[in-house]
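The values are calculated or read from the model by the stated rules, or taken from the named source; none is laboratory data. Keep in mind that what you see is a predicted model, and the values were worked out from it rather than measured. Cβ coordinates were reconstructed from backbone atoms using ideal geometry, including for glycine residues, and neighbour counts include every protein chain displayed. For the accessible areas, the whole protein counts, side chains as well, though only heavy atoms, and no ligand, DNA or RNA atoms are used. Shrake-Rupley method; radii C 1.70, N 1.55, O 1.52, S 1.80 Å.
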Amino acid sequence: MLPWLCFVLPRLSPKRVFFLTVSLARANSNSFAHRGELRKAKRIVVKLGSAVVTRGDECGLALGRLASVVEQVAMLQNQGREMMIVTSGAVAFGKQRLRHEILLSQSVRQALHSGQNQLKDMSVPVLEARACAAAGQSGLMALYEAMFAQYSTCTAQVLVTNLDFHDDQKRRNLNSTLQELLRMNIVPIINTNDAVVPPPEPNSDLQGVNVISIKDNDSLAARLAVEMKADLLIALSDVEGLYDSPPGTDDAKLIDIFYPGDQLSITYGTKSRVGIGGMEAKVKAALWALQGGTSVVIANGTHPKVTGHVITDIVEGKKVGTFFSEVKPAGPTVEQQTEMARNSGRTLAALHPDQRGEIICHLADLLVEKKEEILAANKMDMDLAVNAGQLSPALLNRLSLSPAKLNSLAIGLRQIAVASQDSVGRVLRRTRVAHNLELEQITVPIGVLLVIFEARPDCLPQVSALAIASGNALLAKGGKEAANTNRILHELTQEALDIHWVKEAVQLVSTREEVEDLCRLDEMIDLIIPRGSSQLVRNIQSAAKGIPVLGHSEGICHVYIDSEAAIDKVIKIVRDSKCDYPAACNAMETLLVHRDILRTPLFDQIIDMLRTEQVKIHAGPRFASYLTFSPSEVKSLRTEYGDLECCVEVVDTMQEAIDHIHRYGSSHTDVIVTENEDTAERFLQQLDSACVFWNASSRFADGYRFGLGAEVGISTARIHARGPVGLEGLLTTKWVLRGDGHTAADFSEQGTMKYLHENLPVTQPQPRQIAAQSED
């Protein structure tokens with residue numbers, strides 16, 4: 001017989017001790033190391049704490065929460081997973097039934113005794129827990145059966161006692177029963193048989209009831225998970241997870257990942273609403289299950305905003321609750337990276353503008369000096385991408401770096417360095433509110449930026465330079481396709497930052513963090529800037545509930561050819577707008593042609609040029625109606641092709657072109673080609689897009705071409721920043737008021753002072769140089 005590893009939960013009555021045993025051979029098996037691997041979980045145990053199952057009045061069940069749990073478990077079961085539930089609730093359900101019966105019985109007796117219907121005050125005696133459990137078990141199971149039946153899922157009740165764990169034969173019988181139920185696609189509903197257990201020590205988990213210790217379900221869930229070789233144990237309680245100090249205290253932080261040995265560094269708080277074991281018992285049970293090879297997540301099953309998807313979110317690998325892992329990452333967590341970036345970013349913002357400029361210029365020099373190393377890393381990424389065969393030619397082009405690209409990046413960075421001289425701390429407005437009371441509005445950094453970019457490594461030095469110039473901390477999350485290139489570019493960025501001891505201000509997120517999880521760090525990140533496909537931007541805008549997102553979801557750019565357009569300008573502008581870089585967000589996607597141009601040499605030249613450039617043409621509805629044999633008709637006029645494809649449509653007037661763009665465009669960049677200045681000016685004034693051009697290619701919608709040095713993206717938002725977002729778009733303002741003992745009461749009717757509100761000349765103060773502290 002194999003040796004067994006024993007685990008005893010502390011502070012239990014001797015009559016209530018579970019001797020949890022697990023084969024050492026099983027203890028050596030591995031749990032999942034990362035959250036993302038939880039998607040692979042086949043066999044899952046869901047433990048429902050009493051606080052999850054019971055109502056707030058602790059008398060009866062929380063039917064809404066229970067229904068949402070059942071729905072999620074049934075969905076996972078129907079996906080082919082094997083689900084088991086360890087549930088509380090029999091005592092609470094039985095208490096509700098017995099209270100009702102006692103009150104009904106008392107009312108009948110009193111009515112008979114008094115001979116009238118007026119009843120005296122009735123009190124409910126203290127109900128014995130085992131009686132409550134006996135009365136509630138059948139009803140609780142009937143409720144589970146009815147709920148799961150809605151999803152064509154069968155359930156079976158399994159009641160266990162201490163003897164089932166003490167006796168080897170009974171333990172094997174239990175294992176065999178559960179294995180057979182799972183084989184038949186049945187969900188076992190497991191609970192301790194509280195109707196026959198020995199009396200508990202007196203305590204009041206539920207008001208008025210001596211309840212069998214709820215924490216036994218923690219040990220029961222851990223024991224069953226290991227015994228049944230479950231991949232995952234989800235323990236739902238009434239707290240978000242495990243905190244580094246008691247929840248509710250000022251500095252309490254939710255622990256994302258908990259590692260064995262970390263329990264010595266945390267402080268446990270009070271118990272839950274109905275449990276007596278508290279978080280400490282849950283942690284001990286979780287660590288024991290982890291040692292037995294089962295991954296564990298402790299999460300909140302009572303929060304109304306997340307209850308409906310908490311279980312499925314955990315199984316999908318999302319950052320919910322506390323994940324227990326035996327594998328501690330070599331580097332810091334993303335939360336730690338954010339904290340380091342914020343602290344270093346504040347020092348960066350306090351540097352003299354010349355010092356921030358020196359950092360950026362040094363980074364520009366490094367891009368040129370280390371170009372061989374950069375290009376070697378980029379070649380590794382390119383080779384891997386080509387061999388994988390999963391990137392389109394357009395994305396491969398974005399991924400590729402060249403000496404020319406690096407030189408262009410260096411030039412752009414030096415432009416940013418020059419522009420950074422008067423960015424942070426610039427006075428925008430001065431007002432004399434009253435005598436010796438002056439108000440200033442000045443520019444300040446936004447805080448911590450999260451920039452998410454796909455296969456475009458040139459984005460990293462660009463946004464790093466803009467963040468440095470604006471005094472912002474930066475978290476950069478690059479696509480895995482450019483992992484090698486991003487790594488060396490980040491190393492060079494930190495080398496440049498280190499000349500003024502602020503190297504931690506720019507962090508590269510290289511952990512397994514999902515983008516959606518990063519978007520939930522609303523207390524740590526101030527602005528998200530996505531750089532990538534329209535689908536990426538839409539996903540981030542959807543996921544970032546509490547963090548502003550600066551960007552555009554689509555780049556549906558139009559070029560309108562007016563009836564008074566010049567032939568040579570039309571051909572040049574259309575070719576450049578569509579063919580220069582078809583994958584760019586500022587490339588033309590729809591060509592609008594005035595009706596008078598149809599069947600003219602100009603129109604023929606446009607079509608011939610597009611065909612020569614191998615552009616696939618999709619006919620809009622009106623254009624198709626003019627043709628006997630038309631190209632493929634467009635499926636949607638609101639399409640971003642991102643390739644050598646475009647839509648051609650016909651309009652009758654310039655106003656109709658504007659209406660078309662407002663209806664089908666994305667407010668990104670739109671162009672008119674005409675020699676009529678009045679027509680052009682009306683187009684420029686009436687069209688509501690971030691960028692509106694006259695006789696110029698849509699490809700000019702770019703921070704570098706605008707002279708911004710570089711851009712973090714192009715925004716189609718209506719507030720803060722719009723169009724190519726450079727240095728100015730990464731700044732916000734604060735108000736500085738300098739007084740001399742002024743109070744609001746001084747300006748009341750009985751006060752002695754009057755408001756002046758005089759506008760003062762704006763003068764820029766000489767920035768004070770603040771020495772940064774060395775990290776040594």
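Can you tell me which residues in region 159-188 are of a type in the set (Phe, Trp, Tyr) and exposed (fewer than 13 other Cβ atoms within 10 Å of the Cβ)?
none
Residues that are out of contact with any helix residue (DSSP H, G or I) (no Cβ under 7 Å at 6 or more places or on another chain), open to solvent by less than 20 Å² (accessible area, probe 1.4 Å) and either assigned to a helix (DSSP H, G or I) or in the same structural domain as residue 644 (by the TED database) (or both): does region 368-380 have at least one?
No.
Would you check which residues across region 714-761 are among the small types (Gly, Ala, Ser) and touching a strand residue (DSSP E or B) at 6+ places or on another chain (Cβ under 8 Å) and list them?
Within region 714-761, 715, 721, 723, 729, 739 qualify.
Please work out which one of (1) at pLDDT below 75; (2) in the same structural domain as residue 147 (by the TED database) is the condition residue 67 fails and give its number.
Result: residue 67 fails condition (1) only.
On the basis of being in contact (Cβ under 8 Å) with a residue 24 or more places away in the chain, touching a Lys or Arg at 6+ places or on another chain (Cβ under 8 Å), at negative phi and outside the structural domain of residue 320 (by the TED database), does residue 508 make the cut?
Criteria met by residue 508.
So, of the residues in region 669-684 that are farther than 16 Å from residue 722 by Cα and among the polar types (S, T, N, Q), which turns out to be surrounded by the most Cβ atoms within 10 Å (Cβ to Cβ)?
Ranking the qualifying residues of region 669-684, first place goes to 674.
Go through region 381-392 and give me each residue that's assigned to a helix (DSSP H, G or I) and not small (Gly, Ala, Ser).
Passing the criteria: 381, 382, 383, 384, 386, 387.
Within region 557-668, considering only strands (runs of 3 or more DSSP E) that don't extend past its boundaries, which have at least 2 residues that are under 18 Å from residue 693 (Cα atoms) and open to solvent by less than 10 Å² (accessible area, probe 1.4 Å)?
557-561, 588-594
Among the residues of region 381-399, write down those that are surrounded by 19 or more Cβ atoms within 10 Å (Cβ to Cβ) and without any contact (Cβ under 8 Å) to a residue 24 or more places away in the chain.
Listed by number, the list holds a single entry, 382.
Condition first: open to solvent by 20 Å² or more (accessible area, probe 1.4 Å), assigned to a helix (DSSP H, G or I) and either among the basic types (Lys, Arg) or in contact (Cβ under 8 Å) with a residue 24 or more places away in the chain (or both). Now tell me which residues in region 142-158 satisfy that.
Within region 142-158, 143, 147 qualify.
Does residue 446 count as open to solvent by 30 Å² or more (accessible area, probe 1.4 Å) and under 26 Å from residue 347 (Cβ atoms)?
yes
Could you look through region 669-703, keep only residues that are of a type in the set (Ser, Thr, Tyr) and in a loop (DSSP other than H, G, I, E, B), and pick out the one that is modelled with the lowest pLDDT?
In this case the residue turns out to be 689.
On the given criteria, is residue 663 among the basic types (Lys, Arg), out of contact with any strand residue (DSSP E or B) (no Cβ under 6 Å at 6 or more places or on another chain) and closer than 22 Å to residue 534 by Cα?
yes
Only one of 371, 319, 328, 305 is in contact (Cβ under 8 Å) with a residue 24 or more places away in the chain and either touching a Cys at 6+ places or on another chain (Cβ under 6 Å) or under 30 Å from residue 87 (Cα atoms) (or both). Can you tell me which?
Answer to the selection: 319.
Quick check on region 252-261. Is at least one of its residues in a loop (DSSP other than H, G, I, E, B) and either among the hydrophobic types (A, V, I, L, M, F, W, C) or at pLDDT below 65 (or both)?
Checked against the condition, which is being in a loop (DSSP other than H, G, I, E, B) and either among the hydrophobic types (A, V, I, L, M, F, W, C) or at pLDDT below 65 (or both), region 252-261 yields at least one hit.
Each row is one residue, and each column tells you yes or no for (1) in a helix (DSSP H, G or I); (2) over 22 Å from the mean Cα position of the chain (by Cα); (3) not assigned by the TED database to the domain that holds residue 340.
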residue	(1), (2), (3)
394	yes, yes, no
408	yes, yes, no
416	yes, yes, no
429	no, yes, no
443	no, yes, no
460	yes, no, no
464	yes, no, no
475	no, no, no
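The conditions are (1) touching a Cys at 6+ places or on another chain (Cβ under 9 Å); (2) assigned to a loop (DSSP other than H, G, I, E, B); (3) not assigned by the TED database to the domain that holds residue 575, and residue 724 fails exactly one of them. Which is it?
Failing condition for residue 724: (2).
Regarding residue 619, is this residue more than 30 Å from residue 725 (Cβ to Cβ), of a type outside the set (Lys, Arg) and either out of contact with any strand residue (DSSP E or B) (no Cβ under 9 Å at 6 or more places or on another chain) or touching a residue at least 12 places away in the same chain (Cβ under 8 Å) (or both)?
Spelling it out, residue 619 is indeed more than 30 Å from residue 725 (Cβ to Cβ), of a type outside the set (Lys, Arg) and either out of contact with any strand residue (DSSP E or B) (no Cβ under 9 Å at 6 or more places or on another chain) or touching a residue at least 12 places away in the same chain (Cβ under 8 Å) (or both).
Can you name the residue in region 707-752 that is in contact with a His (Cβ under 9 Å, 6 or more places away or on another chain) and β-branched (Val, Ile, Thr) and is also farthest from residue 667 (Cα to Cα) among such residues?
The extreme case among them is 732.
Out of (1) open to solvent by less than 30 Å² (accessible area, probe 1.4 Å); (2) out of contact with any strand residue (DSSP E or B) (no Cβ under 8 Å at 6 or more places or on another chain), what's the single condition that is false for residue 305?
(1)
Take the conditions crowded, with 18+ Cβ neighbours inside 10 Å, at pLDDT below 90 and among the hydroxyl-bearing types (Ser, Thr, Tyr) and apply them to residue 542. Does it pass?
no
Residue 466 - would you say it is open to solvent by 10 Å² or more (accessible area, probe 1.4 Å) and among the aliphatic types (A, V, I, L, M)?
So residue 466 fails the test.
When the residues of region 91-141 are narrowed to those that are under 44 Å from the mean Cα position of the chain (by Cα) and open to solvent by 50 Å² or more (accessible area, probe 1.4 Å), which ends up modelled with the highest pLDDT?
In this case the residue turns out to be 138.
Name the residues in region 469-493 that are more than 25 Å from residue 339 (Cβ to Cβ) and among the small types (Gly, Ala, Ser), would you?
Residue satisfying the conditions is 482 alone.
For residue 723, which of the numbered conditions (1) open to solvent by less than 10 Å² (accessible area, probe 1.4 Å); (2) touching an Asp or Glu at 6+ places or on another chain (Cβ under 7 Å) fails to hold?
The single condition residue 723 does not satisfy is (2).
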